[in-house]
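Chemist: Handing you a structure now.
No value in this document is a laboratory result; all are computed from the given coordinates. Source: prediction; values computed, not measured. Note: ideal-geometry Cβ built from the backbone for every residue, glycine included; neighbour counts use all protein chains shown.
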């Protein structure tokens, strides 16, 4: 048996769904308001297609 089998998965080490969702939500909020990314017309258009 490898030592890797005794270690928790990456998902578990990151804290599960709620911890991961919190980080992703924060990341998306930052991306949606970043003027450098919104300067790209394709990115700006995509933002308007996604509900807030």
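Chemist: Set the Förster distance to 35 Å, then compute FRET efficiency between residue 18 and residue 49 from the Cβ-Cβ distance, nearest 0.05.
Modeler: Numbers: r = 27 Å, r/R0 = 0.77.
My answer for the efficiency is 0.85.
Chemist: Turning to a different aspect of this structure: Could you give the spread of the C-alpha atoms of the chain along their three principal axes, from largest to smallest, in whole angstroms?
Modeler: 53, 19, 16
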